[in-house]
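Remarks on the structure that follows.
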Amino acid sequence: MGSSLLSLTIFFPFLFAIPLLFFNREKASLSKFYALAISLLVFVMAASLLMNFDPSQGIQFRHVALEAWLGEETDVKYVVGLDGLSVLLFAFSALVFPLVILGTWTSVQKNVNEHLFFLLVLETCILGIFSALDLFLYYIFWEAMLIPMYFLIGIWGGANRAFAATKFFVYMLTASLIMLVGIIYIGIRGADLNGGIFTTDYQKLLQLNLPFSIQAILFWLFAISFLAKAPLFPLHTWLPEVYAESPVSAVVTGVLLKMATYALIRFNVGLFPQASAYFSTLIVVLSIISIIYGAAIAFAQKEMRRVLAYSSISHLGFLTLGIFAFTEEAMQGAILQMVNHGLSTGLLFMLVGFLYERRQSDRLSDYGGLKKVMPLGAMFFTIAMLSSVGLPGLNGFVGEFLILIGAFKSPILQNGTYAVLGAIGVILSAVYMLPMFQKIFLGELKSDENRRVSELNLRESVVAVVFVILIVWIGVAPSSFLKLSEKSTASVIEKVQQKSSLTSK
């Protein structure tokens, strides 16, 4: 039943998105309530899987179908499942979508049915990515995700939406085709373990013992695709454009970017542990550059969304630092921080969207003194900001603390300098976040437009409250989340440390 529920959860949004195309366009409210109900049902199903997940076991809710998908001569099939690396991200993704639908309830005015349709299709793609256990199936979900994202940005984005959508699509498609080459090659090598039959079954490919030279090539074929999506310096240039133009930035922040960091653990580290250990220092150096560079550029921005875009580049550098430090603390912190960043920056993007809806401006210079007219909004923004800068007692602190501790004691990096440089990024986050808060909410009301800004309504407050509850919950009781990935993380780290002894740097 659990396996059937997993597949139902994945495809439920897509199947029930189709009727939206036939709804009466003049009754947009009906379409919105329908899409909200579908997304809430998906979250209930995902939450049920989460509550029935046993952290002491491996992959659970496994569902296999289409075993002769590409013919009897290949072992390519539909197989999905959840383990400690994916179950929390799967449930979090299901939570984000109803919040996004509520958050954009009034901001999307044109082609509402199509907007909701593409949003639900995107949800199916993302849930499939976090649960796919066949590399070909994973690639199908990964590529399919580009279609709804292209239309969501290109139709409902800002003034430069066409450029942003095209840049995103070209970046992602190019990187994905590089990964496809790696999938084909590893499938051919997997035939050695599968009776001479080409296989993309992830669990079978884990048994491959590839020579280091082959691992090194495959590592980069996969890593380029994932690091471009993450995005890590210097493959980050698409992100500010998408953040500035996308009407669903909270989805991009909360889920889309985490697909790449999750994939780095699942595929790069899982399939190529020896190469992952060998190239760890290079990835960590790029991570430190991303942390400091993103923070510095964020400080110089004059628009709210671009501040948050470059701050995300900085924060995502912590994720790759945590992954490639290869200690249990660091990787546990990275997995938790995937959710943390989605909560803090996702809430900030929601609140910025609410402000834009009221003032039709993204420029910081147009704001000032808004705490006098929207104190509730100022309070929620303060919590999200403090979470983003890593205040103890909130979720951001837990993830970053674990990452830095793990990086400092990493036997593979063998140098605490990386942790020290990473800690500078934590300090810099306050340097750009506090001024943004001050420019928006403190000081005097500069214009009549600001005086007419209304307080958050009930719908917007509900969205913010859900984010805040999780921000505080993780900050106060992180063990209830960390225990989900503890066994899976330990298994990954043990495998990498065993293989790393075979290769000297």
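Looking only at segment 433-443, decide whether some residue is under 25 Å from Gly333 (Cβ atoms), in contact with a helix residue (DSSP H, G or I) (Cβ under 8 Å, 6 or more places away or on another chain) and not basic (Lys, Arg). Yes: segment 433-443 contains one or more residues that are under 25 Å from Gly333 (Cβ atoms), in contact with a helix residue (DSSP H, G or I) (Cβ under 8 Å, 6 or more places away or on another chain) and not basic (Lys, Arg). One residue is enough: does segment 231-241 have a residue meeting the conditions touching a residue at least 60 places away in the same chain (Cβ under 8 Å) and touching an Asp or Glu at 6+ places or on another chain (Cβ under 7 Å)? The answer is no; no qualifying residue exists. For segment 420-436, the criterion of being part of a loop (DSSP other than H, G, I, E, B) and either not assigned by TED's automatic domain parsing to the domain that holds Gln360 or not charged (D, E, K, R) (or both) is satisfied by no residue at all. On the basis of being surrounded by 21 or more Cβ atoms within 10 Å (Cβ to Cβ) and not assigned by TED's automatic domain parsing to the domain that holds Thr106, does Phe401 make the cut? No. I want to confirm something. Restricting to segment 437-452 and keeping residues that are modelled with pLDDT of 85 or more and in a loop (DSSP other than H, G, I, E, B), which single residue is surrounded by the fewest Cβ atoms within 10 Å (Cβ to Cβ)? Ranking the candidates gives Arg452 first. Looking at Leu264, Leu232, Leu257, just one residue is in the same structural domain as Thr200 (by TED's automatic domain parsing) and buried (at least 23 other Cβ atoms within 10 Å of the Cβ), and that residue is Leu232.
Residues in segment 1-55 that are over 22 Å from Pro148 (Cα atoms) and without any contact (Cβ under 8 Å) to a residue 40 or more places away in the chain: Met1, Glu26, Lys27, Val44, Met51, Asp54. All of Phe318, Phe349, Phe380, Phe326 fail the test of being aromatic (Phe, Trp, Tyr) and on the phi > 0 side of the Ramachandran plot, apart from Phe326.
Of all residues in segment 109-158, those being under 15 Å from Arg266 (Cβ atoms) and either not hydrophobic (A, V, I, L, M, F, W, C) or not assigned by TED's automatic domain parsing to the domain that holds Leu20 (or both) number 5.
Being hydrophobic (A, V, I, L, M, F, W, C), surrounded by 22 or more Cβ atoms within 10 Å (Cβ to Cβ) and more than 23 Å from Lys27 (Cβ to Cβ) narrows it down to one residue among Ala65, Ala132; which is it?
Ala132
Right, Ile412: of a type in the set (Val, Ile, Thr), touching a residue at least 60 places away in the same chain (Cβ under 8 Å) and not in a helix (DSSP H, G or I) or not? In short, yes.
Among the residues of segment 479-498, is any assigned to a loop (DSSP other than H, G, I, E, B) and farther than 30 Å from Ile214 by Cα? Within segment 479-498, none of the residues are assigned to a loop (DSSP other than H, G, I, E, B) and farther than 30 Å from Ile214 by Cα.
The values are calculated or read from the model by the stated rules, or taken from the named source; none is laboratory data. Model, not experiment: these values are computed from the prediction. Backbone-built Cβ (ideal geometry, glycine too); neighbour counts: all protein chains shown.
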